[in-house]
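Asks: Dumping the structure here so I can ask a few things about it.
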Amino acid sequence: MDQLSDEVIAFLSEGTRTGMLGFVAADGRPLVAPVWFEGDGEGGAAHLVFNTGGDSATGRALRRDPRVVICVDDPHPPYSFVQVQGVAEISEDPDELIAVATRLGGRYMGADKAQEYGRRNGVPGELLVRVRPTKVLKAFDLAL
């Protein structure tokens, strides 16, 4: 298993960059969906976590085939990106679901909206997805 280095964790934790989640459709087509994410686990980021609907295309695909990739970029000069390839582990634990949804709401919408988004996105039928990294690629300051 590849680890998330301190440098990668710092990049992934900065600001409100949206992750682009790649997964495999039932017919084998590659699909991409934006996700709010955060690091979770040892050192703050042994895994990446996000929420998705259990009946969404993403949720159905991850139940069928847990192989995923999340790519996060900095679209400003000098440009950088991190790609985390891994295996999705799904949980429907209500306490974990609400906790992560609340933290993500706070990260992406502001602390004053955290509880609102936690209640909205941490409900039955939603999934908590942990991505266990198997390979991490990174490129920082590409235009220097």
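Asks: Just name the residue that is farthest from Gly122 (Cα to Cα) out of those in the range 33-64 that are exposed (fewer than 14 other Cβ atoms within 10 Å of the Cβ) and at pLDDT 95 or above.
Replies: Result: Arg64.
Asks: Separate question: Which condition breaks for Glu89 when tested against (1) modelled with pLDDT of 95 or more; (2) touching a Ser or Thr at 6+ places or on another chain (Cβ under 9 Å); (3) not aliphatic (A, V, I, L, M)?
Replies: So Glu89 meets the others, but not (2).
Asks: From the list Val68, Val82, Val49, pick out the single residue that is within 21 Å of Met109 (Cα to Cα), aliphatic (A, V, I, L, M) and in contact with a Phe, Trp or Tyr (Cβ under 7 Å, 6 or more places away or on another chain). Before the answer, list the steps.
Replies: Numbers: Val68 fails: within 21 Å of Met109 (Cα to Cα); Val82 fails: within 21 Å of Met109 (Cα to Cα).
Going through Val68, Val82, Val49 in turn, the sole match is Val49.
Asks: Do any strands (runs of 3 or more DSSP E) lying entirely in the range 41-144 carry at least 2 residues that are touching a residue at least 12 places away in the same chain (Cβ under 8 Å), within 15 Å of Leu21 (Cβ to Cβ) and in contact with a Cys (Cβ under 8 Å, 6 or more places away or on another chain), and which ones are they?
Replies: It comes to 80-91.
Asks: Let me ask another. Anything in the range 9-32 that is open to solvent by 40 Å² or more (accessible area, probe 1.4 Å) and more than 15 Å from Gln85 (Cα to Cα)? List them, or say none.
Replies: Ala10, Ser13, Glu14, Gly15, Thr16, Thr18, Ala26, Asp27, Gly28, Arg29
The values are calculated or read from the model by the stated rules, or taken from the named source; none is laboratory data. This structure is a prediction, so every number in the text was calculated from the model and none was measured. Neighbour counts run over all protein chains shown; Cβ positions are idealised from the backbone, glycine included. When the accessible area is computed, the model is the full protein with side chains, heavy atoms only, and any ligands, DNA or RNA have been set aside. Shrake-Rupley method; radii C 1.70, N 1.55, O 1.52, S 1.80 Å.
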